[in-house]
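Just below is one structure, and these are the notes that go with it.
The values are calculated or read from the model by the stated rules, or taken from the named source; none is laboratory data. All values derive from a computational prediction rather than experimental measurement. Ideal geometry is used to build each Cβ from the backbone, glycine not excepted, and the neighbour counts take in all protein chains shown.
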Amino acid sequence: FIMGEKGTKICLITFNVICMICGIAMFVGGLLIQLNPTVKNILSSVATTASQTQLGIVAVVLIALGAFVTFIAFVGCCGAVSESRCMLTMYFLSLLILLLAQIGIAVAALVYGSQGFTNAINTQLGILVRGYGPDPTSAAIVDTIQQTFSCCGYTGPEDYKKTWPDSCCVRVNDVYKNLTQYHVTLQGCTASIDEFTKQYMIIIGAVGLGIALIEIIAMIAACSLRANMTHRVQNCQRI
């Protein structure tokens, strides 16, 4: 490795400490949202469109992602500090699994194209819209999609046979009004998701490529450090 064993070790430790701090921050933030009613109420009052259930979903995602990032970073950092070949191997394998998962997603995107993913999302969205109401989690997901993309239903507001959800209503002077009262027609979420996919696919690909490159560099650093440790052990055994 060009920068030498000491430089590789310092870079690996620094990188993983930063990742660990970010992971802990996400984990703690998720716990605060999930377990602290005061924090959840404050966020609900600030983000008026976010329900308690929606905030709960965000909290679970933050907790899971934070725990995963913290675990990998902790293993890598401890492996570099203690010069443990076992922990560095575990760190390398964890990053390899993550990288292979990303490659699998990328290959699927190339095979099926962005339209394939859009169709899969739209199919699931249709199921959620048809089952809107009984399951609060499904309803929260649909509400989030409709509020985010300013859309209503699968193909349009007519997908809701009885009454439209509040998330289908337009916002006027910070007050949600019913669609029938103002005769406002919102496009279906399938069209909105199609537009979003086309606009942001390049950005998503660039971000994914950047993350993959960082993971590869970290894997190379871990392999280099482990190889140097193995070489030192072998030299000591010969002596």
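Yes/no matrix, rows are residues, columns are (1) under 15 Å from the mean Cα position of the chain (by Cα); (2) closer than 23 Å to residue 7 by Cα; (3) modelled with pLDDT of 85 or more; (4) buried (at least 17 other Cβ atoms within 10 Å of the Cβ):
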{"site": "51", "(1), (2), (3), (4)": "no, no, no, yes"}
{"site": "64", "(1), (2), (3), (4)": "yes, no, yes, no"}
{"site": "73", "(1), (2), (3), (4)": "no, yes, yes, yes"}
{"site": "79", "(1), (2), (3), (4)": "no, yes, yes, yes"}
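Search region 215-239 for residues that are part of a helix (DSSP H, G or I) and at pLDDT below 80 and pair each with any residue that is acidic (Asp, Glu) and loosely packed, with under 11 Cβ neighbours inside 10 Å when their beta-carbon atoms are under 8 Å apart and the residues are at least 6 apart or on different chains.
Pairs that qualify, where the first residue is part of a helix (DSSP H, G or I) and at pLDDT below 80 and the partner is acidic (Asp, Glu) and loosely packed, with under 11 Cβ neighbours inside 10 Å: there are none.
Filter region 140-158 down to residues that are more than 21 Å from the chain's Cα centre (by Cα) and surrounded by fewer than 18 Cβ atoms within 10 Å (Cβ to Cβ) and give me whichever is nearest to residue 58 (Cα to Cα). Reasoning before the result, please.
From region 140-158, those more than 21 Å from the chain's Cα centre (by Cα) are 150-158; that's our starting set.
Restricting the remaining residues to those that are surrounded by fewer than 18 Cβ atoms within 10 Å (Cβ to Cβ) gives 150, 155-156, 158.
On the way: 150: 20, 155: 26, 156: 26, 158: 29 Å.
By that ranking, first place goes to 150.
Out of 123, 137, 38, I need the residue that is modelled with pLDDT under 80, touching a Ser or Thr at 6+ places or on another chain (Cβ under 7 Å), assigned to a helix (DSSP H, G or I) and loosely packed, with under 15 Cβ neighbours inside 10 Å. Which one?
137
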